[in-house]
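J.: Provided herewith is a single structure, encoded as structure tokens, for subsequent inquiry.
The values are calculated or read from the model by the stated rules, or taken from the named source; none is laboratory data. Remember, predicted model here, so these are calculated numbers, not experimental data. For neighbour counting, all protein chains shown are included, and Cβ atoms are generated from backbone atoms with ideal geometry for every residue, glycine included.
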């Protein structure tokens, strides 16, 4: 208790010290940056999951070719979950002499549980609605055009006459995202009464649930614990689409990266301030020790003071983080996603804990060294021994930084790249600084007097100069990564989905329809048409062994082995594919060859040289694996797990898969196209594209918010780094002034000194940021051909050097005015 | 201005007051003195009597509140800090009680500092000569922390003499040293004073050291209460 009181008293007395204030401010900033980012990220993630839930119309669901047993719905009701039944099936609609195959969804009154049903009235005005009442139906635009109908008119569907109550503009999709045919939404009771859902129909029944996340999880575990009925499948938000998942992963990685860099910046500022504080305390510790205070008590007092500073600073940081993230949400929730979510408290508390870890990791080593200050140092400070055993303590900040990188990034690759890059920057900066100091001794005698004095000043404070150069380089590298590389990565991501990315796929196109389809598409304004052959088959043997006799470690393999699979072929390796082992088939291979995607390789434990047999149509083909491909599934291009060589696959029974871009407002033409080519299945990926673009924008907005905190943290690093040598600088200035140095001489020397420091820091930081950016772009964000923006980085490096020089000079103004009398006063 | 019959340092009715937390405080009141070239001059007095303040004013490190000080004919109160710095560089050397060597520089580099400020091209060889003169040839590559107190003060004296100042101001030059080492330092200071014909102005508590000077004044509460010469 006494110690606590002493610590509090000590803190009160020392609060005016700039290094303690910088330390406290850095800690608050670290907690705020980590807290705000984690809170926003949690909210954005919730929003994204809610967005995914909108896609399927509920938090979770199950679909089945037969009506589901009641126990699934009963278990959900028991857990307080809302439920909604629906079924989808193809059916032909009649209106006068027009007929059209429709993709019908029959939904109960609670549909949709998540997301909104956007309807249009007869006048074309949009509104949000519910599933249609009995006797009513909603048709989408294509269906209305195809049947030549308007809202309010009747049509025949499933043998019943229904009234078109609204135009179906946007609906949660039941996880399919396929518009195989124009859509209709009808009442579930009507569909049952019409016998459309009777056993033997082609309907797929669906049960969707929504409610508390814990109840949803519990229901999910219960369902997964028992076997699902034959052919039934769980529908989960995470499974919506592989492409969406990649986008979520990327978004998360971006947010974590920015938070992490801000925290590391704050950590550097903390380390610098703690070191300065420790230096200042050396004389006091020596005095306390000389007066008989035991070492343990001295350390207790020091740690108590630090704790007394840390706890309120951390609490303030956590409170500010909560307040700011709530504020950000209030003012900018639309930027992050519209789904209403509560303020998550856990991330701010976790950030507070991480802030304390940062403080302990970065501040402890210099302070722990004070334990070694001997009482005799009160007579001569040079008596302070330098014990090597405390060097190991400097591993603590490295370990804390690595731990932080690991905990925040949750990705070994991201963590590894960041750690390696920052470590590289630190090593290069220290080496460059050491080289400069070495040169300083040799070049100085013949150099310009200002440069000579500047170099001498750097050389005089050898250790401090090394620390300053390293800290400034690390700080600037983190800032450049945040301010220049991260936006460039986001831009790269955005450019992957240019506005004319193919937004429609057409399946089932026959050989003789290709030419006519291409012409018809051109007429309705379609662009960027690309066609790929598509054969449907089954994998039957691997190296001659029937597939049903092989045991696979990967659970997904059995499920995939049962399913029909799609194969294609092409002369050249398609874009967004990369051969990582073996070779892409040549023009005329002796034996049929197949190229396998890494997912398949892992799932079926395949390797180069294995032979796979596929049954396709009436025949079969044996193909040897000659290459393994890495496919970018987020590219929105048509991609295949399996690709055969064209020489052997060309004669297999196949159809064509077309992808094309249809500008907005041209969808009407598609109705005619689907009438002319009745066998075609059209798939709309526009909504998916929009959603990914939306995610990119949300992340961009969040990153901009975070950048503000990072800039503050960067400014603190700069202030702490420059302040690190302020005391020495002031003493030196007084001495040099006493010896007759002119103020201009001191200023030119300081300018040279800071320009050199800034140049080393800027150069190393720009190189580090460019390298890390290039590496991150490829390995973490999988952005093809990503090049970090070298010109802005170079300009930023020069600007950084100038800023360091300018701030150094501003700081030196006061120093160069140090009255020389100070030396006489100091004795 | 370097005529040996003209005083090198002249103080006329010099006063210095500062404003402290309890109002204005007079540190020096109406001090008058003249110091001739080559002379050794001691300022003595109890702690707080204004000795160090007077030394600072005479050396142009600070300005007086009233009165005038001339250093080698230059009226210090009419010069700004930059001009005074220029004067110090050309005319003045300093020795401090706490030596004030820069810890990251070797003995030789510390001695080179005033020459580097002048932009002298032969700084290193002159610094070596200065170190030879104080008997530290073998210690020139040592850092201050590797030197004893006496050796550090000898380096400081070498630094003070290296650029050939006309006047050397010393503030308690033996204050941090034992008696024997203090003796050696005094011998050295007076030898250099004699050999280089450098004026020596020193502040000291040490009666023996003061007695070795040509003249001395004693301060009490900022006033000169006694002045005397030794034969």
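J.: Any residue at all in segment B:65-86 that is outside any loop (DSSP other than H, G, I, E, B), within 15 Å of the chain's Cα centre (by Cα), under 16 Å from residue B:171 (Cα atoms) and at pLDDT 85 or above?
T.: No: segment B:65-86 contains no residue that is outside any loop (DSSP other than H, G, I, E, B), within 15 Å of the chain's Cα centre (by Cα), under 16 Å from residue B:171 (Cα atoms) and at pLDDT 85 or above.
J.: Mind checking whether some residue in segment B:214-226 is surrounded by 14 or more Cβ atoms within 10 Å (Cβ to Cβ), in a helix (DSSP H, G or I) and touching a residue at least 60 places away in the same chain (Cβ under 8 Å)?
T.: No: segment B:214-226 contains no residue that is surrounded by 14 or more Cβ atoms within 10 Å (Cβ to Cβ), in a helix (DSSP H, G or I) and touching a residue at least 60 places away in the same chain (Cβ under 8 Å).
J.: Would you mind finding the one in A:349, A:331, A:390 that is outside the structural domain of residue A:213 (by TED's automatic domain parsing), modelled with pLDDT under 80, surrounded by 14 or more Cβ atoms within 10 Å (Cβ to Cβ) and in a helix (DSSP H, G or I)?
T.: Answer to the selection: A:390.
J.: Quick one: in segment B:101-130, of everything that is assigned to a loop (DSSP other than H, G, I, E, B) and either more than 7 Å from every other protein chain (Cβ to nearest Cβ) or surrounded by 24 or more Cβ atoms within 10 Å (Cβ to Cβ) (or both), which residue is modelled with the lowest pLDDT?
T.: Residue satisfying both the conditions and the ranking: B:103.
J.: Condition check: out of contact with any helix residue (DSSP H, G or I) (no Cβ under 6 Å at 6 or more places or on another chain), closer than 26 Å to residue B:50 by Cα, part of a helix (DSSP H, G or I) and within 14 Å of another protein chain (Cβ to nearest Cβ). Does residue B:156 satisfy that?
T.: So residue B:156 fits the description; yes.
J.: To continue, here is another question. Taking segment A:228-245 on its own, how many of its residues are modelled with pLDDT of 65 or more and either in a loop (DSSP other than H, G, I, E, B) or surrounded by 13 or more Cβ atoms within 10 Å (Cβ to Cβ) (or both)?
T.: So in segment A:228-245, the residues modelled with pLDDT of 65 or more come out as A:228-238.
After this cut, where a residue has to be either in a loop (DSSP other than H, G, I, E, B) or surrounded by 13 or more Cβ atoms within 10 Å (Cβ to Cβ) (or both) as well, the list is A:228-237.
Total satisfying the criteria: 10.
J.: Same structure again: Only one of A:133, A:123, A:93 is part of a strand (DSSP E or B), in the same structural domain as residue A:162 (by TED's automatic domain parsing) and either touching a helix residue (DSSP H, G or I) at 6+ places or on another chain (Cβ under 8 Å) or surrounded by fewer than 20 Cβ atoms within 10 Å (Cβ to Cβ) (or both). Can you tell me which?
T.: The conditions single out A:93.
J.: Further question on the same structure: So, residue A:453, is that one within 14 Å of chain B (Cβ to nearest Cβ), assigned to a helix (DSSP H, G or I) and either modelled with pLDDT of 80 or more or closer than 17 Å to residue A:801 by Cβ (or both) or not?
T.: no
J.: Continuing with the same structure: Step by step: first the residues of segment B:131-141, then only those that are in a loop (DSSP other than H, G, I, E, B) and more than 14 Å from chain A (Cβ to nearest Cβ), then the one that is nearest to residue B:171 (Cα to Cα). Which residue is that?
T.: Checking each candidate, the answer is B:134.
Yes/no matrix, rows are residues, columns are (1) crowded, with 24+ Cβ neighbours inside 10 Å; (2) in a helix (DSSP H, G or I); (3) in contact with a helix residue (DSSP H, G or I) (Cβ under 7 Å, 6 or more places away or on another chain):
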site	(1), (2), (3)
A:256	no, yes, yes
A:271	yes, yes, yes
A:279	no, yes, no
A:312	no, yes, no
A:317	yes, yes, yes
A:321	yes, yes, yes
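J.: For residue B:168, which of the numbered conditions (1) part of a strand (DSSP E or B); (2) more than 13 Å from chain A (Cβ to nearest Cβ) fails to hold?
T.: Here residue B:168 meets the rest and fails (2).
J.: Quick check on segment A:740-774: of everything there that is surrounded by fewer than 24 Cβ atoms within 10 Å (Cβ to Cβ) and either within 11 Å of another protein chain (Cβ to nearest Cβ) or closer than 13 Å to residue A:807 by Cβ (or both), which residue is farthest from the chain's Cα centre (by Cα)?
T.: Once the filter is applied, the top-ranked residue is A:742.
J.: I've got another one for you. I'd like the residue in segment B:185-208 that is within 17 Å of residue B:52 (Cβ to Cβ) and at pLDDT below 85 and, out of all such residues, is surrounded by the most Cβ atoms within 10 Å (Cβ to Cβ).
T.: Of the residues in segment B:185-208, the ones within 17 Å of residue B:52 (Cβ to Cβ) are B:200-206.
The next check asks that each one be at pLDDT below 85; those that pass are B:205-206.
Numbers: B:205: 14, B:206: 18.
Ranking the candidates gives B:206 first.
J.: Moving to a separate point now. Based on what the data block shows, is residue B:91 closer than 25 Å to residue B:73 by Cα, more than 8 Å from every other protein chain (Cβ to nearest Cβ) and either in contact with a helix residue (DSSP H, G or I) (Cβ under 7 Å, 6 or more places away or on another chain) or surrounded by fewer than 18 Cβ atoms within 10 Å (Cβ to Cβ) (or both)?
T.: In short, no.
J.: Is it true that some residue in segment B:30-48 is within 14 Å of another protein chain (Cβ to nearest Cβ), modelled with pLDDT under 90 and surrounded by fewer than 23 Cβ atoms within 10 Å (Cβ to Cβ)?
T.: yes
J.: So, residue B:145, is that one facing another protein chain (nearest Cβ under 9 Å) and part of a helix (DSSP H, G or I) or not? Explain how you work it out, then say what you get.
T.: Details: facing another protein chain (nearest Cβ under 9 Å): yes; part of a helix (DSSP H, G or I): yes.
Against the criterion (facing another protein chain (nearest Cβ under 9 Å) and part of a helix (DSSP H, G or I)), residue B:145 qualifies.
J.: Now a separate question. Condition test on residue A:106, is it closer than 27 Å to residue A:73 by Cα, touching a strand residue (DSSP E or B) at 6+ places or on another chain (Cβ under 9 Å), outside any strand (DSSP E or B) and modelled with pLDDT of 85 or more?
T.: Answer is no for this residue.
J.: Is it true that residue B:60 is touching a strand residue (DSSP E or B) at 6+ places or on another chain (Cβ under 9 Å), more than 8 Å from every other protein chain (Cβ to nearest Cβ), part of a loop (DSSP other than H, G, I, E, B) and touching a residue at least 24 places away in the same chain (Cβ under 8 Å)?
T.: Considered against the rule, which asks whether it is touching a strand residue (DSSP E or B) at 6+ places or on another chain (Cβ under 9 Å), more than 8 Å from every other protein chain (Cβ to nearest Cβ), part of a loop (DSSP other than H, G, I, E, B) and touching a residue at least 24 places away in the same chain (Cβ under 8 Å), residue B:60 comes out as yes.
J.: Considering only segment B:68-86, how many residues are without any contact (Cβ under 8 Å) to a residue 60 or more places away in the chain, surrounded by fewer than 22 Cβ atoms within 10 Å (Cβ to Cβ) and touching a helix residue (DSSP H, G or I) at 6+ places or on another chain (Cβ under 8 Å)? Don't jump to the end; show me each part of the working.
T.: We begin by selecting, within segment B:68-86, every residue without any contact (Cβ under 8 Å) to a residue 60 or more places away in the chain; these are B:68, B:74-86.
Checking which are surrounded by fewer than 22 Cβ atoms within 10 Å (Cβ to Cβ) leaves us with B:68, B:74-75, B:77-83, B:86.
Restricting the remaining residues to those that are touching a helix residue (DSSP H, G or I) at 6+ places or on another chain (Cβ under 8 Å) gives B:68, B:74, B:79, B:81-82.
Matching residues across segment B:68-86 total 5.
J.: Let me ask something else. Against the conditions (1) surrounded by 17 or more Cβ atoms within 10 Å (Cβ to Cβ); (2) over 30 Å from residue A:430 (Cβ atoms); (3) touching a helix residue (DSSP H, G or I) at 6+ places or on another chain (Cβ under 9 Å); (4) not assigned by TED's automatic domain parsing to the domain that holds residue A:599, where does residue A:557 fall short? Just the number, please.
T.: For residue A:557, the exception is condition (4).
J.: Follow-up. Let me spell it out: the conditions are (1) assigned to a helix (DSSP H, G or I); (2) modelled with pLDDT under 85; (3) away from every other protein chain (no Cβ under 14 Å); (4) surrounded by fewer than 19 Cβ atoms within 10 Å (Cβ to Cβ), and residue A:794 meets all of them except one. Which number is the exception?
T.: (2)
J.: Looking only at segment B:16-28, decide whether some residue is surrounded by 17 or more Cβ atoms within 10 Å (Cβ to Cβ), in contact with a strand residue (DSSP E or B) (Cβ under 8 Å, 6 or more places away or on another chain) and closer than 23 Å to residue B:160 by Cα.
T.: Applying the first criterion (surrounded by 17 or more Cβ atoms within 10 Å (Cβ to Cβ)) to segment B:16-28 yields B:16, B:27-28.
Now drop any that are not in contact with a strand residue (DSSP E or B) (Cβ under 8 Å, 6 or more places away or on another chain), which leaves B:16, B:27-28.
Remaining after also requiring closer than 23 Å to residue B:160 by Cα: none.
The answer is no; no qualifying residue exists.
J.: Just to check your reading of the model, which residue among A:682, A:642, A:662 is at pLDDT below 75, surrounded by 22 or more Cβ atoms within 10 Å (Cβ to Cβ) and touching a strand residue (DSSP E or B) at 6+ places or on another chain (Cβ under 8 Å)?
T.: A:682
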